[in-house]
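Just so it is clear, none of the values below were taken in a lab; they were calculated from the coordinates. Only a predicted model underlies this, so the values are computations on that prediction, with no experimental measurement involved. Note that we place each Cβ from the backbone using ideal geometry, even for glycine, and neighbour counts take in every protein chain shown.
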Amino acid sequence: MIKKAVIPAAGLGTRFLPATKSMPKEMLPIIDKPIIHFVVEEAIFSGIEDIIVVTGRGKRAIEDYFDASPEIENHLVRNKKYELLREVQDISSLADIHYIRQKDPKGLGDAVLKAEKHVGDEPFAVLLGDDIIKAGTPCIKQLMNLFEKHKRAVIGVEEVAKEKIKDYGIIKGKKIDQSIYLIENIIEKPSLEEAPSNIGTVGRYVLTPETFDYIKKTPPGKGNEMQLTDAIKMLIGEEDVYGYAFSGKRYDAGNKAEYVKAIVDFALEREELKKDVKRYLEGLT
């Protein structure tokens, strides 16, 4: 059973500048919840309650968000806004959350490595802090179920449009089931000509503790950063690694267009918003 999750949230968020000059990209709101709230909920709904968030400079707002808020709570009590009070109090009791600082943005591999002492010798989940995935069964839970069967690393994958291949880790794999690939190779952000397929990795992983050893052996890769993809590539040479084409809808909330789509779709699911939003959208056509 996977008990621990790592959420890397130390990136600079340059795609959302200037907003992210003073605000972590993971705290950008989807209506009234920040992106990272959905990621933490996904871990919790999958049965994980021990969460390590890897932060960096300027990310204190993440810690404050999941902490208690006595001033706000007292204000809500005085104004008898008890429903909002419950929502605010629920946030601080979501899970057992720990924070580790990545002092320099040296890449996803380095961010995951920062959690090694806390994770220890257990398998663990990794959920990127700017991917929101809507699914009946939480995406990371789908990967955990496959891990329990094979006891080998599992990576979430999906088909990628040709023009976006250069932005993903792309796998070469043998399809062994409708949704399962045995990964033979993985390339970080290849050109269209270099790409072995159009199947890209997304921000969900279940990894074995041996992954830490391979991260330590990984030289700087794309962008002069320590790439988790490169460490997994070395792991593939030693043991089976699976790709799982998860069921669900993913929003890359680090992408402006995908971020806007997420806001619209979530608004259309809210009883108090959907009528006005739908009328507005219909008026645009």
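For the chain, find the longest principal axis of its Cα atoms and tell me its angle to the long axis of helix 35-45, 0 to 90°, nearest 10.
The angle comes out at about 70 degrees.
For segment 174-275, just run the numbers: alpha carbon Rg, then divide by 2.2 N^0.38 Å, N being how many residues it has.
This ratio for segment 174-275 stands at 1.36.
Calculated FRET efficiency, D121 and I44, Cβ-Cβ r, R0 30 Å, to nearest 0.05?
For R0 = 30 Å, the calculated efficiency reads 0.80.
Tell me whether segment 71-193 comes out rounded, prolate or oblate; compute the Cα gyration tensor, take square roots of the eigenvalues as a ≥ b ≥ c, and use a/c under 1.5 as the rounded threshold.
Taking the square roots of the gyration eigenvalues as a ≥ b ≥ c, segment 71-193 is prolate.
Order 100-112, 18-30 from most to least packed using the mean count of other Cβ atoms within 10 Å.
100-112, 18-30
Can you tell which of A125, L17, N79 lies farthest toward the positive end of the dipole of the chain, using +1 and -1 charges on the Cβ of basic and acidic side chains (Lys, Arg; Asp, Glu)?
L17
For the chain, modelled as a Gaussian network with Cα springs under 10 Å, which listed residue fluctuates most, V157, V126, V264?
So, out of V157, V126, V264, the one fluctuating most is V264.
For every other residue with a beta carbon closer than 12 angstrom to the beta carbon of E42, add +1 if it is Lys or Arg and -1 if Asp or Glu, then tell me the sum.
+2
Any idea what the alpha-carbon Rg over 2.2 N^0.38 Å comes to for segment 4-254?
Rg over 2.2 N^0.38 Å, computed on Cα atoms: 1.03.
When the Cα centres of segment 237-285 and segment 1-47 are compared, how far apart do they sit, in Å?
Cα centroid of segment 237-285 versus Cα centroid of segment 1-47: 15 Å apart.
Just going by the charge dipole of the chain, with Lys and Arg at +1 and Asp and Glu at -1 on Cβ, which of L113, I35, T137 is farthest out on the positive end?
It is I35.
Quick query: amide H of I52 versus all other amide H atoms, modeled in the peptide plane; which residues come in under 5 Å with a sequence gap of 5 or more or a different chain?
Amide H to amide H, under 5 Å and 5 or more residues apart or across chains, I52 pairs with A5, V6, I7, H98.
Where both residues lie in the chain, what percent of DSSP beta bridges are antiparallel, nearest 5?
60 percent
Counting other C-beta atoms within 10 Å, which of E148, E271, E188 has the fewest, and how do the rest follow?
E271, E148, E188
In sequence order, what are the phi-derived ³J(HN,Hα) couplings for segment 114-126 according to the Karplus relation 6.51 cos²θ - 1.76 cosθ + 1.60 with θ = phi - 60°, rounded to whole Hz, with x for glycine and proline?
Computed from phi, the couplings for segment 114-126 are 4, 8, 4, 4, 6, 6, x, 9, 9, x, 8, 9, 10 Hz.
Using the 10 angstrom Cβ neighbour count as an exposure proxy, how do R270, R250 rank, fewest first?
R270, R250
Among the listed pairs K25/K149; K106/K162; K81/K256; K162/K261; K21/K141; K117/K256, which are separated by more than 32 Å between their Cα atoms?
From K25/K149; K106/K162; K81/K256; K162/K261; K21/K141; K117/K256, over 32 Å: K25/K149; K81/K256; K21/K141; K117/K256.
Which order do M226, M234, M1 fall in if you start with the one that has the fewest other Cβ atoms within 10 Å?
M1, M234, M226
Could you go through segment 171-176 in sequence order and give the Karplus-derived ³J(HN,Hα) for each residue, using 6.51 cos²θ - 1.76 cosθ + 1.60 with θ = phi - 60°, rounded to whole Hz, and x for Gly and Pro?
Residue by residue, segment 171-176 yields 9, 10, x, 9, 6, 10 Hz.
So what is the 222 nm mean residue ellipticity for the chain from helices alone, if each DSSP H run of at least 4 adds -39500 (n - 2.57) and you divide by all residues, rounding to the nearest 500 deg cm²/dmol?
-10000 deg cm²/dmol
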